[in-house]
1. Listed residues B:A98, B:A48, B:A34; which is hydrophobic (A, V, I, L, M, F, W, C) and within 14 Å of chain A (Cβ to nearest Cβ)?
2. Taking the range B:87-108, which residues are farther than 21 Å from B:M127 by Cα and surrounded by fewer than 24 Cβ atoms within 10 Å (Cβ to Cβ)?
3. Report every pair of residues separated by at least 6 positions or lying on different chains whose Cβ atoms are under 6 Å apart, first residue within the range A:197-219 and more than 9 Å from chain B (Cβ to nearest Cβ), second of a type outside the set (K, R) and assigned to a loop (DSSP other than H, G, I, E, B).
4. Residues of the range B:4-24 being within 16 Å of ligand 1 (Cβ to nearest atom) and at pLDDT 90 or above, which ones?
5. Residue under question is B:F60, and the condition is that it be facing chain A (nearest Cβ under 9 Å) and either crowded, with 23+ Cβ neighbours inside 10 Å or more than 14 Å from ligand 1 (Cβ to nearest atom) (or both); does it hold?
6. Being at pLDDT 95 or above, more than 14 Å from the chain's Cα centre (by Cα), on the phi < 0 side of the Ramachandran plot and crowded, with 17+ Cβ neighbours inside 10 Å narrows it down to one of A:N198, A:N162, so name that one.
7. Which residues, taken from the range B:101-143, are within 9 Å of ligand 1 (Cβ to nearest atom) and within 13 Å of chain A (Cβ to nearest Cβ)?
8. Go through the range A:164-201 and give me each residue that's outside any loop (DSSP other than H, G, I, E, B), touching a strand residue (DSSP E or B) at 6+ places or on another chain (Cβ under 9 Å) and aliphatic (A, V, I, L, M).
Amino acid sequence: MAKVLMKGNEAIGEAAIRAGCKNYFAYPITPQSEVAEYLSKRLPEEGGVFLQGESEVAVGYMIFGAAGAGERVMTTSSSPGISLMSEALSYIAAAQCPAVFVNIMRGGPGLGGILPSQGDYFQATKGGGHGDYHLLVLAPDGVQEAVEMTMQAFTLAEKYRNPVMIMGDGLIGQMMEPVEFPDGLKTEPTNKDDWATNGMAHRNSKKRNLVKSLFLDPTALNDNNLALKAKYAQMKKEEVQYELVNADTDYQVLITSYGTMSRVCRTAIDMLKEEGIEVAMLRPKTLFPFPEKAVFDASGKESCQAVISIEMSMGQMVEDVERCVKGRRPVEFYGECGGDIPSPEKIIEIIKALL
Amino acid sequence: MAKAFSRPKALSTTHTHYCPGCTHGIVHRLVAEAIDDLGIQEKTVGIAPVGCAVLAYNYFDCDFQEAAHGRAPAMATGIKRVRPDLMVFTYQGDGDLASIGMGEIIHAANRGEKFTTIFINNAIYGMTGGQMAPTTMPGQRATTAPLGGTRPRPACPSAWPTCWANWSPRICHPPGRAQTPAGQQGQKKPLSRRFNIKWKTGASVLWKWFPPVPPTGA
Ligand SMILES: Cc1ncc(C[n+]2csc(CCOP(=O)(O)OP(=O)(O)O)c2C)c(N)n1
Ligand code: SF4
Ligand SMILES: [Mg+2]
């Protein structure tokens, strides 16, 4: 298929349709409202469901209801809206339903700003809602990868019966890039008859299904949480995705960076190479499961003097990086968090200061 | 000999956890009878609230989802929109529907969502042990209103469904009382009629008024 020039937000909406998702519920918020605008036109053309809910709180539960009924469903929002959806995310994870949530991050805390940010790393990877649960978190670095990850997200959500979150940011949502929609990424929905409330008549069964998260019996709650834990362990084994940049050199510094920020680091790495300074980057594409072993291994290269996590935040992913480097190299951090994206020159200056 | 009385098919044989004298059981039965009358058990999805009826799914024999506190109307919206062929109902208390979930029910009614809500008003937070609800009557004692409801505004439990009706072109069903046989009989027919109408057309809130539980109760 030929490439088309599309805005990130619209491409994410189109990717959901191409992945076979016909149901979308959302509430407007900058910088992602174009997804809803796009799908309000496209979904009716496809015979799908578009609904603008009264709040992100309600939308979270519309997603829960639709997912519990066994249908592919997606919502998109930005940071403050994701906070409101976090209650539903906890319930959906506990009740083991597949759903896709997209966070086009903006600056926070509070109302923050509307420019790009990576300030929701903790919220996405460590919880956000209450209780012992994890989302499977994908972090694209551009519009094409946002498309591919959105399409894969439905497959992963169904494989694990777990919510999947795409972590974009205001830049990825707003910028235009040429994209294609790979047919190969569309999968058939899994059979949900074992658990979904899709109606006994629909699945031709006399046994009713329950979608719930209350386990008053401590043994039952323990068992449910252990079942979740087993899924997270499987994700860690099977779903870790990352990219290594310039790692076949004798690099002196290892950068860890993801999403929009990693693109700037990539440019800085090229510029430093011209000056004869080798720097590598490990770019996590899954934030949960985190590429733990890859970070450990890459930081252990003999030539590597330091690791630095570069983020559009006050320092969030760096905590995971520190955990994985296990003290064998110093772990530094650089970040900006007001909405300005650090320039390659700034990154170069920071790296040189480490040498 | 013809059987004059039996357990509705849509009701399970599980013993309920409700307090002795609680009328939840009666309302469950009325709902189950309506489901049987319409022959829709295998197309029905119920949504349990957070409140005394959180375990309602143990007593009905149909697909069920369990909501977070107050969010049942949003979940019902999600289910019904993506599977319009299903019959969807929520079953909610006054704290659930008239306090924390007030926004969800008003907006669902305003959009004309095609599901049915059974509103169980006992004028108190029963499950958590008898705290004040927005429906608590003036003078009524609650664990968080030990001197009796003293709020300046006259709390008026019977007003909510009327208010909701004004938000929506769809009609609310007049209140019913579950504690007398006459009240129960009076409910049954409209219940199945309402389920039927709502399944096909628009939103409705059905509601039952319980007498407040004894303050020392739950
Ligand atoms: C978000 C949240 N807040 C508070 C609670 C605690 N809680 C459980 S039931 C309940 C009140 C339910 O009252 P009502 O809806 O009137 O139902 P009843 O128990 O009276 O039938 C509360 C506050 C909760 N489970 N979740
Ligand atoms: S507290 Fe009230 S509503 Fe709850 S089970 Fe007891 S009598 Fe029934
Ligand atoms: Mg109550």
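1. B:A48
2. Scanning the range B:87-108 gives B:G103, B:I106, B:H107.
3. Close Cβ pairs satisfying both conditions: A:R203/A:D193.
4. Once the filter is applied, which keeps residues that are within 16 Å of ligand 1 (Cβ to nearest atom) and at pLDDT 90 or above, the range B:4-24 yields B:T16, B:H17, B:Y18, B:C19, B:H24.
5. When the stated conditions are applied, B:F60 passes them.
6. Values: A:N162 fails: more than 14 Å from the chain's Cα centre (by Cα).
Testing whether each residue is at pLDDT 95 or above, more than 14 Å from the chain's Cα centre (by Cα), on the phi < 0 side of the Ramachandran plot and crowded, with 17+ Cβ neighbours inside 10 Å leaves just A:N198.
7. Those that are within 9 Å of ligand 1 (Cβ to nearest atom) and within 13 Å of chain A (Cβ to nearest Cβ): B:G101, B:M127.
8. A:V164, A:M165, A:I166, A:M167, A:L171, A:I172, A:M176, A:V179
The values are calculated or read from the model by the stated rules, or taken from the named source; none is laboratory data. Note that the structure is predicted; figures quoted are calculated from it, not measured. All Cβ positions, even for glycine, are placed from backbone atoms using ideal geometry, and neighbour counts span all protein chains on display.
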